[in-house]
Structure formats: structure tokens, C-alpha cells
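Colleague: Dumping the structure here so I can ask a few things about it.
The values are calculated or read from the model by the stated rules, or taken from the named source; none is laboratory data. All of these numbers come straight from a predicted model, not from anything done at the bench. Ideal geometry is used to build each Cβ from the backbone, glycine not excepted, and the neighbour counts take in all protein chains shown.
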């Protein structure tokens, strides 16, 4: 049997999905969808030069959802033998016969399904052995520890590589699959002077291993960030501008995406309820979804329901253009699916061609708080109230002056979004949301 996990497995997986769908039809299901995936991965972590973990994964899964006059049943299995598939389908059908009818349930409308599937360069396997991974992790950690003698300990360096192939099909005739990969390297270090101990990290993630940051550079970046935190202290409670680093700005925008998600809208549990067509951000802010960027981490030719993904403006000139919808939430709201079952795909946040770099953002802020780490989950998606522990640096005269810890930043996201002053050009592309630093005017900082 073919043991590879790549595009060569697609015909075999299509046969499995087709069998599951045929069994559902034979059982009397009005509609059905099924998805199967194979995946393998290698995770290595090293601490102080010694191997801490060496994990190898090989997974497979199959799931089916059936509908009997809009009553839904689902089941899953890791056994891909024909007899196991038949038993799984029978269980899903039995469940559906006992569930309540939901008028909004069912497959995505047939005309919404992807027909022309673009090639997005999502599969770039990394032929790295466990021994080579260990050596890369050691080099990463060693490069970091060598930066400064105050780096006295380590939480370790890790190397991960994963590849998989999946196929989705439904009773509307959709049956397609594609392979994908993801890889990462990370390092976390500790520095200490007397009783002052600080920790920080850095990482790199990509679909193509050739575009990962050099492992020594990752270690050195983690070291520099850690050492810079030494001497951190509290600041007094005050109201001041706050600059979110790019890797934290992703989370800042993710709260907005959660508020405009279809489920938040139809459940009326959103601080941006019915906000489509209204000004939610300053007019210079643009948010564009670009699902077909080559090799991007969140690219996909279709969503979890097989619906075509497509370019669109989510926020134009600060005005919210629509919501993030799968077919179920779209029906509940009387709208059309946006191809977002399973989430968004490459959200690009920008403030136009003249976006300032980080130095210009600091100069514009003058005096305020540059946040490099957030802690806690103090965000209320219904009211928009925001309160999180924070660490970072105090800025004075447009320059970083000293590290800050043990403070809380608080406000309301509705107002915080209106108070965005600038989005930087220092864009982080290592996630679903591509954004630069975000400068927000006048946030409450609770400190000493």
C-alpha cells in the first residue's frame, strides 16, 4: 500500500469519501458530506543542548454528516476499511433520526461550490531527519545563549514539520482534495540578574521550509528580546497611547473577526451586532481577505463546505462591508455564504501605501506603552470590554526607555477600534491575519 502522504493519495481518499456518501444515499439520507485526511509530523525539542522530546505522528480520520429532511447526524472514525466506513455511516444516520429538524441545516447551495480549483502552492515537504532536526534545534538555542552571559537558562528550542492530504466531498457532486504542509522553528530563553528573571521567545513558521528564518537568527532574536526585558518595572496608572507589536496586533484584530462572525451575529452576542455598512474603524484602515495567496499559511481554494473562497474587502475605508459566514449562519441571517466555513483566509490589514515603519510609529506616539506580550483572556465579545495583563516597554521621546511588567491595559473594543491612529508597515505574515504594528490612542493602563 502507498504510505506516502501527498497528492498521490487523493484518488484513494476520493474512493473512501465516495463510498461513505454512497452508503448515506442508500440509507435514505437527503444530503451528506464527508471528509477524510491523512497527516504525519515530526516534533523535536531541545533544552540546554539535551533532547527533551522527539515525537512522530501519523494520523488519519474520516467524518461524515448526514441530513434526513434537515435533521442532522454526524460520526467519525480512524478506521478506513469499508466495513468500518459502513458502520460509521449507519451510526450517523441513526443519530439523525433522533435529532430535531432545523430549517437552516444542510449542505451549502450547489451553485456556491468551487468548480475551478486554483493551485496555491501549499505543499512543500521538508525532508529533515530526526537527527537533523535535533541539530537545528541545538544550533538555534546555542546561538541565543551565546548572545549575553545574563542568559542563564532556556525553555528550549523546537523544530516541527507536518504534512497532510485531505479530501472533501458531498452529495451535490463535489469531490476534491489537496495536500499541504506547515513547518516551524522556535526558541524561548531566560535571563537573570540577581532576583530579576525575564523570559521571551521568537519563532518562524511557513508552508515552505526554504522561507523559514535562519535558525541562528531565531535564537539571537529570542535572546535580544529576553535581555531587553531585564530591569522591567511597573508604571503608574494612567491613560496613554498603546502600540501593539505585529504578532499581538493579530489578536487585536481577531476580536473584531469574532464579533462579525455569523454565529455571533445570529446569536446576538456581539459588540458589533448589525454593524455591516457602518464605520467601525478610521477611514484609512482597509481589511482585505485574499484566500489565494501562494504558499500563505491560511490560503485555501475552498472552505470547509467546498464553497469557493474569493477575494473581498471586509473593511473598506473603515466601513464594515459584511460578515464572516458559512452556509448555516448565512441562512439564519438571510444572507449569502462568504466562503468562510472554518474561518477567514489571509486577512490583510493596512493603512495605505504610506504606512509608517516601527520607528515612525514610536516617534508619532512620543510617549506611551509598546506592548510585546499579553496575558489572560479578559475580553467580553458581547460588550467589547477589554482587560488584559501586559508586558512591553515604556516609550519616551519616541524611544524605548525601559521594560514594563505587571500592568493591565483596559478599554472597550468599540472605542479602541475608533481610536486606531496608524497601522505599521512592519507586517507579520506568519498567521491568518497579516498586519503591522497597531497604534491606539488613549488606553487605560493600570499599574502601581
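Colleague: Would you confirm, using the coordinates I've provided, whether residue 419 is crowded, with 16+ Cβ neighbours inside 10 Å and in contact with a strand residue (DSSP E or B) (Cβ under 7 Å, 6 or more places away or on another chain)? Explain how you work it out, then say what you get.
Modeller: On the way: crowded, with 16+ Cβ neighbours inside 10 Å: yes; in contact with a strand residue (DSSP E or B) (Cβ under 7 Å, 6 or more places away or on another chain): yes.
Against the criterion (crowded, with 16+ Cβ neighbours inside 10 Å and in contact with a strand residue (DSSP E or B) (Cβ under 7 Å, 6 or more places away or on another chain)), residue 419 qualifies.
Colleague: Looking at segment 13-36, can you tell me whether even one residue there is within 30 Å of residue 129 (Cβ to Cβ), crowded, with 17+ Cβ neighbours inside 10 Å and either in contact with a strand residue (DSSP E or B) (Cβ under 6 Å, 6 or more places away or on another chain) or not assigned by TED's automatic domain parsing to the domain that holds residue 140 (or both)?
Modeller: Looking through segment 13-36, at least one residue is within 30 Å of residue 129 (Cβ to Cβ), crowded, with 17+ Cβ neighbours inside 10 Å and either in contact with a strand residue (DSSP E or B) (Cβ under 6 Å, 6 or more places away or on another chain) or not assigned by TED's automatic domain parsing to the domain that holds residue 140 (or both).
Colleague: Can you name every residue in segment 100-116 that is over 15 Å from residue 168 (Cβ atoms) and loosely packed, with under 14 Cβ neighbours inside 10 Å?
Modeller: Step one: list which residues in segment 100-116 are over 15 Å from residue 168 (Cβ atoms), which gives 100-106, 109, 111, 116.
Once the filter is applied, which keeps residues that are over 15 Å from residue 168 (Cβ atoms) and loosely packed, with under 14 Cβ neighbours inside 10 Å, segment 100-116 yields 100, 101, 103, 104, 111, 116.
Colleague: Consider residue 270 carefully, then state whether it is at pLDDT 95 or above and part of a helix (DSSP H, G or I). Steps first, answer last, please.
Modeller: Working: at pLDDT 95 or above: yes; part of a helix (DSSP H, G or I): no.
It is false that residue 270 is at pLDDT 95 or above and part of a helix (DSSP H, G or I).
Colleague: If you check every pair at least six apart or on different chains, which have Cβ atoms under 8 Å apart with a residue in segment 247-265 that is closer than 15 Å to residue 286 by Cβ first and a residue that is assigned to a helix (DSSP H, G or I) second?
Modeller: Listed by first residue and then by second, the contacts come to 256/413; 256/417.
Colleague: If I ask for residues that are within 21 Å of the chain's Cα centre (by Cα) and either closer than 18 Å to residue 288 by Cα or surrounded by 21 or more Cβ atoms within 10 Å (Cβ to Cβ) (or both), which ones from segment 303-319 would you list?
Modeller: Result: 303, 305, 306, 307, 308, 309, 310, 311, 312, 313, 314, 315.
Colleague: Here's a follow-up. Can you name the number of the only condition in (1) under 18 Å from residue 432 (Cβ atoms); (2) assigned to a loop (DSSP other than H, G, I, E, B); (3) in contact with a helix residue (DSSP H, G or I) (Cβ under 9 Å, 6 or more places away or on another chain) that residue 337 fails?
Modeller: (1)
Colleague: Among the residues of segment 2-38, how many are more than 19 Å from residue 72 (Cβ to Cβ), under 28 Å from the mean Cα position of the chain (by Cα) and touching a residue at least 40 places away in the same chain (Cβ under 8 Å)?
Modeller: Counting residues in segment 2-38 that are more than 19 Å from residue 72 (Cβ to Cβ), under 28 Å from the mean Cα position of the chain (by Cα) and touching a residue at least 40 places away in the same chain (Cβ under 8 Å) gives 10.
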